[in-house]
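All remarks here apply to the structure that follows.
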Protein chains: 2
Amino acid sequence: MTTATFTDPYHSRTTDTWESASRVDPTVWGDTSGPLTPQQLESYQRDGFLFFPNLLTGREVESLVAEAKSLSAEWPSERAGLVREPDSDVVRSIFRLHHFSDLYQRLFADARLVGKARQLLGSDVYIHQSRINYKPALDGKEFFWHSDFETWHVEDGMPRMRAVSMSVFLTESHEFNGPLMLIPGSHETYIRCAGETPVNHHEQSLRRQEYGVPSREALKQLVHQSRGIEAPKGSAGSVVFFECNTMHGSCGNLSPEPRVNLFAVYNSVENSLVDPFCNRPPRPAYLAEREVTAID
Amino acid sequence: MTTATFTDPYHSRTTDTWESASRVDPTVWGDTSGPLTPQQLESYQRDGFLFFPNLLTGREVESLVAEAKSLSAEWPSERAGLVREPDSDVVRSIFRLHHFSDLYQRLFADARLVGKARQLLGSDVYIHQSRINYKPALDGKEFFWHSDFETWHVEDGMPRMRAVSMSVFLTESHEFNGPLMLIPGSHETYIRCAGETPVNHHEQSLRRQEYGVPSREALKQLVHQSRGIEAPKGSAGSVVFFECNTMHGSCGNLSPEPRVNLFAVYNSVENSLVDPFCNRPPRPAYLAEREVTAID
């Protein structure tokens, strides 16, 4: 444990108790010149997320789904970035799409998406992480509550809260297939987690998370301070933008259809990664991009 | 495996593949003399469940919750019927309330509840099983899809589909606390499960179910034949009646409050238990009452 840790406003996993701290960064970094309206900015500022039903067309969704299928079928076994469900061989996620797919690269650079990210982050942006998430029919597992930023800061060395996640629904999201759940307003509070980061934590954390998990008491406080829990629901082609520190999770998928979504993180080019804020080597590039290539 | 097995219309766990069979019993055994209206009977006949929002008053719910707390605190350690969560000491269920609580006995005999059960089953009724279910805040686990009748038939010796389950909400049921989910119309189909019943199966099945689980293909068929999945939601004091063969389950509880409900099974006095339909001794009385005491 270095002394630098304690000057870091977002230190976490540095003691054996949890702690609640205030966010020290703005939520909206850009100005009001658009494309988001002042009302949308205000809503994002307050809740830490924004929902855009049917942002993409049915035809666009079809080609994104087809690409997901062919990536999954043709993924070279020696290439990192394909993660399976706990206790089975079913594919849960495929990572680094911005690197391995021209189609997804073009999508992430589409003005309807990247324009919003640039405004929220007040700068040019690049992709920190991207992936397809498959939540298999009937057996798709629960993801417990977490802040992505806590992990990206501690394990990847993302300095500040200046990134925004984007979830693109490739299938309808409804109450029975484990939709994304968010705690509105939770992005204003940073929950330091208890415990240290184990070596090579990512090898098991992508299957079952045990460190960097917020305490039950912290979660109770966050929901009670909030107006509750929200789960945006809508057709394939709908998109949620959520702030990197917004607490989120999802239940299992007990419906008879898989739930598929596309996930990408826009990070500010002024917030590129430094050394991790734990005494561990950085995670692999498929989880945390270290090449900063601003999107045109 | 006895030859008798194959003359039993509801044999299950008798081969290593699953099978779908038609229900051979009526769904509604009684007549139209009330208390349920013809519309309610029709709805139960079609869907296999009926929902009554706010059937009990707030004051009644308060006393039922208080009783649940005192039972939990005072349960003698040598008495069977208290079941904990997998991987923790948190209480998940307390059984045989009709035996150990005067208050719950009176509730189960309340005309607003037992009257409906008598009409649906067309006879006097007794309590086959009763319990409190606690789904703890944040850590309440998923219950996978199942038909109660399959287990009660195979492991307890309940001869026919002439029982109705009742779930009384002691806390609000909402989309984030793992509400009861049902497949409308699934009571018309009996899904035979694959595999044999292990000895003393109940000792682990109450924690994690591995036998008597319907196949994924069977569940896909049931949902596709149906109008989807339904999860009745409402305040504490609401009550769901569901047919003993209706396929049901629930997601985990990721909300910061426990979800508590009271569960009781009314069985027809003409459908009392015989020897189990597997070559195993019957399960203990707290899971399957063998004393038939018709409710006055």
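The values are calculated or read from the model by the stated rules, or taken from the named source; none is laboratory data. Model, not experiment: these values are computed from the prediction. Note that we place each Cβ from the backbone using ideal geometry, even for glycine, and neighbour counts take in every protein chain shown. Note: areas computed on protein heavy atoms with side chains; ligands, DNA, RNA excluded. Shrake-Rupley method; radii C 1.70, N 1.55, O 1.52, S 1.80 Å.
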Exercise. Does the stretch A:198-212 contain at least one residue that is among the acidic types (Asp, Glu) and closer than 25 Å to A:SER43 by Cα?
Worked result: no
Problem set entry | Lone unmet requirement of (1) free of Cβ contacts under 8 Å to residues at least 60 places away in the same chain; (2) more than 20 Å from A:ALA264 (Cα to Cα) for A:ASP25 | (1)
Problem set entry | Answer residue from the stretch B:57-71, given it is open to solvent by less than 50 Å² (accessible area, probe 1.4 Å) and β-branched (Val, Ile, Thr) and is farthest from B:PHE241 (Cα to Cα) among those | B:VAL65
Exercise. Hey, any hits in the stretch B:208-230 for a residue that's away from chain A (no Cβ under 14 Å) and hydrophobic (A, V, I, L, M, F, W, C)?
Worked result: no
Seminar exercise, completed: For strands (runs of 3 or more DSSP E) lying entirely in the stretch B:186-296, having 2 or more residues that are closer than 18 Å to B:ARG96 by Cβ picks out B:259-268
Exercise. Given (1) out of contact with any Gly (no Cβ under 7 Å at 6 or more places or on another chain); (2) away from chain B (no Cβ under 14 Å), where does A:ILE191 come up short, assuming only one miss?
Worked result: (2)
Exercise. Does any residue of the stretch B:207-217 turn out to be crowded, with 20+ Cβ neighbours inside 10 Å and in contact with a Leu (Cβ under 9 Å, 6 or more places away or on another chain)?
Worked result: yes
Problem set entry | helices (runs of 4 or more DSSP H) contained entirely in the stretch A:72-180, each with at least 1 residues that are touching a Pro at 6+ places or on another chain (Cβ under 7 Å), within 14 Å of chain B (Cβ to nearest Cβ) and open to solvent by 20 Å² or more (accessible area, probe 1.4 Å) | none
Problem set entry | A:SER77 being under 22 Å from A:PRO258 (Cα atoms) and modelled with pLDDT under 95 | no
Seminar exercise, completed: A:LYS141 vs (1) under 19 Å from A:TYR10 (Cβ atoms); (2) among the basic types (Lys, Arg); (3) at pLDDT below 95: all pass except (1)
Problem set entry | Among (1) open to solvent by less than 40 Å² (accessible area, probe 1.4 Å); (2) under 21 Å from the mean Cα position of the chain (by Cα); (3) touching a residue at least 24 places away in the same chain (Cβ under 8 Å), the one test that A:GLY34 misses | (2)
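Among the listed residues B:ASN253, B:ASN267, which satisfies the condition of being polar (S, T, N, Q), open to solvent by less than 10 Å² (accessible area, probe 1.4 Å) and within 24 Å of B:TRP29 (Cα to Cα)? Even if it seems obvious, please write down each step before you answer.
On the way: B:ASN253 fails: within 24 Å of B:TRP29 (Cα to Cα).
Answer to the check: B:ASN267.
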Exercise. Exactly one of (1) in contact with a Ser or Thr (Cβ under 8 Å, 6 or more places away or on another chain); (2) open to solvent by less than 80 Å² (accessible area, probe 1.4 Å) is unmet by B:ASN54. Its number?
Worked result: (2)
